[in-house]
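Have a look at the structure below before the remarks.
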C-alpha cells in the first residue's frame, strides 16, 4: 500500500489512500514474438490480475463490505471496467500520449493501432486530458474510483437504500476534501463528478473492445476476466 | 451465483487457485 500524499482530516479519503493498491507490472511472455498478439496477451493477463486486485480493494472501501454479497457482486460486475480505466488514466497523467497500463507497460498510439485498440486509445486519452487539465490529485482519484463503484447503476441491487448511503458517504467525503484542499474553487467536486459520464462511456468502449477480442478467440483470456466480461453481456 | 462463481468465491473467501 502507498502512503498518503497529503494529510486530510477526512477519514474516508485518508482510508482510501491507505488501501490503494501498489504499483502493477506487466509480465510479457517473451516466447511470443513482439507483435499485436503479445501486446494483447500481456494486456489480458494484466487485466485479470487487476481484477483480482480490484475485488480485494473493493472490500476495503468503507461501507462496501456491509452490503449483501449479492449487492457487492452487482456493483463490481457493473463497475469493474470503470475502476480499471480510472487506474490506467491516473497512471497516464504524466505520460505524453501514451497509456500507462502498468508501470512497465506503456502503449503508444501506434501500438494501439496495430493491436486494434486505436479507438480505445483515443477515448482513454480524452479522459487523461480532462483529468490533467483539472490537475486530479491522488486523494480525488481514490475517492472518484470508490464513487464509480458505488454509482454503477446496476439494475439488480437488492438494498437500494444501503447503496445510496454508500454513495452519500463518499460524496460527503469528496466535498469535505475539496473544502479543505481546494477552497479556491467551490465547484471542484461538481467538476469531478461531471467527469463520470465520460468514464462510463470509456469503460463501455473498453468492454466492447474486449468482447470483440474474446469473440475472435485469438488471445488467451483468464477465467476471472471472462466471467466479468460475461456479466457485462 | 453459479455463473459468477469466481467473483462470488473471491468476495466470500479470498483467493482461489484457478483464476
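The values are calculated or read from the model by the stated rules, or taken from the named source; none is laboratory data. Since we're looking at a predicted model, the values are computed, not measured. Backbone-built Cβ (ideal geometry, glycine too); neighbour counts: all protein chains shown.
Structure notes:
- Any hit, the range A:196-204, residues being touching a strand residue (DSSP E or B) at 6+ places or on another chain (Cβ under 9 Å), part of a helix (DSSP H, G or I) and under 14 Å from residue A:81 (Cβ atoms): no
- Single residue of the range A:56-67 satisfying the filter (in a helix (DSSP H, G or I) and without any contact (Cβ under 8 Å) to a residue 60 or more places away in the chain) that is farthest from the other protein chains (Cβ to nearest Cβ): A:57
- Boolean, residue A:143 is surrounded by fewer than 20 Cβ atoms within 10 Å (Cβ to Cβ) and on the phi < 0 side of the Ramachandran plot: no
- Residue in the range A:157-175 that is surrounded by 16 or more Cβ atoms within 10 Å (Cβ to Cβ), modelled with pLDDT under 95, touching a helix residue (DSSP H, G or I) at 6+ places or on another chain (Cβ under 6 Å) and not in a helix (DSSP H, G or I) present: no
- Selection status of residue A:144, in a helix (DSSP H, G or I), within 22 Å of residue A:93 (Cβ to Cβ), touching a residue at least 12 places away in the same chain (Cβ under 8 Å) and within 13 Å of the chain's Cα centre (by Cα): yes
- No other residue among A:182, A:187, A:121, A:222 is in contact with a strand residue (DSSP E or B) (Cβ under 7 Å, 6 or more places away or on another chain) and over 21 Å from residue A:20 (Cα atoms) apart from A:121.
- Residue match in the range A:70-93 (condition: within 14 Å of chain B (Cβ to nearest Cβ) and more than 22 Å from residue A:200 (Cβ to Cβ)): yes
- Those residues of the range A:68-101 which are farther than 19 Å from residue A:46 by Cα and either touching a residue at least 40 places away in the same chain (Cβ under 8 Å) or crowded, with 20+ Cβ neighbours inside 10 Å (or both), in sequence order: A:68, A:70, A:71, A:72, A:73, A:74, A:75, A:78, A:93
- In this structure, residue A:37 does satisfy being more than 29 Å from residue A:172 (Cβ to Cβ), modelled with pLDDT under 95, part of a helix (DSSP H, G or I) and away from every other protein chain (no Cβ under 14 Å).
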